[in-house]
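*Asks:* Below is one structure. I have some questions about it.
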Amino acid sequence: MNVHRPFQPSGKPVFEMPVPTAVRDLIDNALNVTLQEEYAYRPIGTVGKCHDYAIVGARVLTLLLDHPYMAVAGGEQIDCGDGKFAVIYPNRNTRRQAKHLSEMSQFHCWIQATHTVAGKKRIEIVDFTARHDGEFAKALSIEFTRNITENYLWAWNDEIEQRIPATLRDRPSMRGLKKELMWVDEVCTRLLHDHENEKDAYFGNLASRVLNRLADSIEAMHHNGA
């Protein structure tokens, strides 16, 4: 089995924490447009490619912020609006039997980083696929009425408004959870990291394309603001 080696910081941050919203928007756009180009042949585009967003996004953030960001995988609950929620999480048998990420379905991937702030550890959550919540609900035949105001989620985990709805608390996949919006699963994450290792050059190329597009966007922004 391949041993996962987190993508390493470059040694010098391009941006300081906290990253300004305008820069976050540029990073999100560069990543999304690059992956949209990569999956233009798919009728649904990048929907369902959360692992690509997480892996490539983690590499890009690691380099830009000179801090280790890691793609993780597991489950999530999606607020569909009007008191309706969807849960994305593979069942126990699937998690036990899967040998490759391609054998998994209904899992979610996002990015996490651990920081020390005022002497305490805090977990930063970045999910560039919040834009797809409506499509996931539709795939699960759940009416989606919530208004999506952000394309991505980028926040401290302890500041995210989270709760397990009463309608979901008795589900086997949710037992033991307290208020997680997303929860890391060891098996899902191991398969995700194996997948990243197997396609290291591919993801490296995508990350380079994102960084080049981001640099062009920043240059254009400075030029227009001059």
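*Asks:* On the given criteria, is Asp25 open to solvent by 10 Å² or more (accessible area, probe 1.4 Å), assigned to a strand (DSSP E or B) and of a type in the set (Asp, Glu)?
*Replies:* Against the criterion (open to solvent by 10 Å² or more (accessible area, probe 1.4 Å), assigned to a strand (DSSP E or B) and of a type in the set (Asp, Glu)), Asp25 does not qualify.
*Asks:* From the list Asp127, Asp133, exactly one residue is at pLDDT 90 or above, among the acidic types (Asp, Glu) and closer than 25 Å to Lys199 by Cβ. Which is it? Break it down into steps so the answer makes sense when it comes.
*Replies:* Values: Asp133 fails: closer than 25 Å to Lys199 by Cβ.
Being at pLDDT 90 or above, among the acidic types (Asp, Glu) and closer than 25 Å to Lys199 by Cβ holds for just one of Asp127, Asp133, which is Asp127.
*Asks:* Among (1) surrounded by fewer than 18 Cβ atoms within 10 Å (Cβ to Cβ); (2) under 28 Å from Gln97 (Cα atoms); (3) at pLDDT 95 or above, there is one condition Gly204 misses while meeting the rest; what is its number?
*Replies:* Single failed check for Gly204: (2).
*Asks:* I would also like to ask the following. Can you name the condition, by its number, that Leu177 falls short on among (1) among the aliphatic types (A, V, I, L, M); (2) crowded, with 18+ Cβ neighbours inside 10 Å; (3) out of contact with any helix residue (DSSP H, G or I) (no Cβ under 6 Å at 6 or more places or on another chain); (4) modelled with pLDDT under 90?
*Replies:* Of (1) among the aliphatic types (A, V, I, L, M); (2) crowded, with 18+ Cβ neighbours inside 10 Å; (3) out of contact with any helix residue (DSSP H, G or I) (no Cβ under 6 Å at 6 or more places or on another chain); (4) modelled with pLDDT under 90, only one is false for Leu177: (2).
*Asks:* Pairs, please: C-beta under 8 Å, at least 6 apart or cross-chain, first residue over 12 Å from Met70 (Cα atoms) and open to solvent by 10 Å² or more (accessible area, probe 1.4 Å) and in the stretch 107-119, second in a loop (DSSP other than H, G, I, E, B) and not hydroxyl-bearing (Ser, Thr, Tyr)?
*Replies:* The qualifying pairs are Phe107/Pro90; Phe107/Asp185; His115/Met17; His115/His67.
*Asks:* Kindly provide the set of residues from the stretch 28-70 that are under 30 Å from Val117 (Cβ atoms) and over 13 Å from the mean Cα position of the chain (by Cα), ordered by number. Can you show your working first?
*Replies:* Just the residues of the stretch 28-70 that are under 30 Å from Val117 (Cβ atoms), to begin with: 28-32, 50-70.
Those that are under 30 Å from Val117 (Cβ atoms) and over 13 Å from the mean Cα position of the chain (by Cα): Asn29, Ala30, Thr62, Leu63, Leu64, Leu65, Asp66, His67, Pro68.
The values are calculated or read from the model by the stated rules, or taken from the named source; none is laboratory data. Not measured: the values here are computed from a predicted model. Every residue, glycine as well, gets a Cβ built from its backbone with ideal geometry; the counts of neighbours run over all protein chains shown. We work out accessible area using only protein heavy atoms, side chains counted, and drop any ligands, DNA or RNA first. Shrake-Rupley method; radii C 1.70, N 1.55, O 1.52, S 1.80 Å.
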